[in-house]
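Working notes, structure below.
The values are calculated or read from the model by the stated rules, or taken from the named source; none is laboratory data. In this text the structure is predicted, and so the values were computed from the model without any measurement. Cβ placement follows ideal geometry from the backbone for every residue including glycine, while neighbour counts extend to all protein chains displayed.
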Amino acid sequence: MTRMMTCLLTVVCAQISFGQDSLQPRMTFPVNGYSMTPLEAPVGETPYQSLIMFLSASEGFAPNVNVQIQPYPGTMKEYSDLSKGQFEQLNFQVLKEDVKENMALWEYTGTTQNKTLHWYTSAHKRDGKVYLVTATALESQWEQAGPKLKKCVDSFRLDQPNVIGGPSN
């Protein structure tokens, strides 16, 4: 039985598969020719950055997608209101927003550290945690990198945890 999760970025294709012969999951990057086991730990009381992927840098910035797991006991509406308050406080412009019971999506732009950035973020709530998946690029990179980044973010799904031999350290 094989289970695969794929995220395709221009030069990075990652697959996590559980093969018949192996109990250890592997992330494979066939475009670049390597594989490795994922580095994971259970989420504690503080946010946990579980994954960061980068495209090639240009203009001194590498467009990227990251996954952060945040303990959050409130509702998705409350999480959305908190996020929108932070966007307003930072003078970010929200281009798109869609909030549902256990999922939210935002696309927004703003300037931070003298760089005008473009973000595309989805938040998924389950079991007192929010899984925040965020794509980031310079605004000037968005036309080229944005579709790839959005496709990666949109591919995120919550699966059932599969603890094999306990957490890796």
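Quick look at the values:
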{"item": "Out of Lys125, Lys151, sole residue that is within 23 Å of Val43 (Cβ to Cβ) and among the basic types (Lys, Arg)", "result": "Lys125"}
{"item": "Residue check for Ala104: over 12 Å from the mean Cα position of the chain (by Cα) and modelled with pLDDT of 95 or more", "result": "yes"}
{"item": "Arg157, sole failed condition from (1) under 30 Å from Arg26 (Cα atoms); (2) out of contact with any Cys (no Cβ under 9 Å at 6 or more places or on another chain); (3) surrounded by 11 or more Cβ atoms within 10 Å (Cβ to Cβ)", "result": "(3)"}
{"item": "Lone unmet requirement of (1) over 27 Å from Gln141 (Cβ atoms); (2) of a type outside the set (Phe, Trp, Tyr); (3) at pLDDT below 80 for Gln15", "result": "(1)"}
{"item": "Set Ser56, Ser83: member being surrounded by fewer than 17 Cβ atoms within 10 Å (Cβ to Cβ) and either aromatic (Phe, Trp, Tyr) or assigned by TED's automatic domain parsing to the domain that holds Leu117 (or both)", "result": "Ser56"}
{"item": "Residue list for segment 62-86, restricted to those being free of Cβ contacts under 8 Å to residues at least 60 places away in the same chain, among the aliphatic types (A, V, I, L, M) and out of contact with any Gly (no Cβ under 9 Å at 6 or more places or on another chain)", "result": "Ala62, Met76"}
{"item": "Residues (over 16 Å from Gln70 (Cβ atoms) and either acidic (Asp, Glu) or more than 11 Å from the chain's Cα centre (by Cα) (or both)) located in segment 120-150", "result": "Ala137, Leu138, Glu139, Ser140, Gln141, Trp142, Glu143, Gln144, Ala145, Gly146, Pro147, Lys148"}
{"item": "Residue under evaluation Leu55, criteria (1) hydrophobic (A, V, I, L, M, F, W, C); (2) under 17 Å from the mean Cα position of the chain (by Cα); (3) closer than 25 Å to Lys129 by Cβ, criterion not met", "result": "(3)"}
{"item": "Spans of strands (runs of 3 or more DSSP E) in segment 21-62 with at least 2 residues among the hydroxyl-bearing types (Ser, Thr, Tyr)", "result": "34-36, 48-54"}
{"item": "Criterion: among the hydroxyl-bearing types (Ser, Thr, Tyr) and touching a Phe, Trp or Tyr at 6+ places or on another chain (Cβ under 6 Å) - qualifying residue of Thr116, Thr121, Thr112, Thr75", "result": "Thr121"}
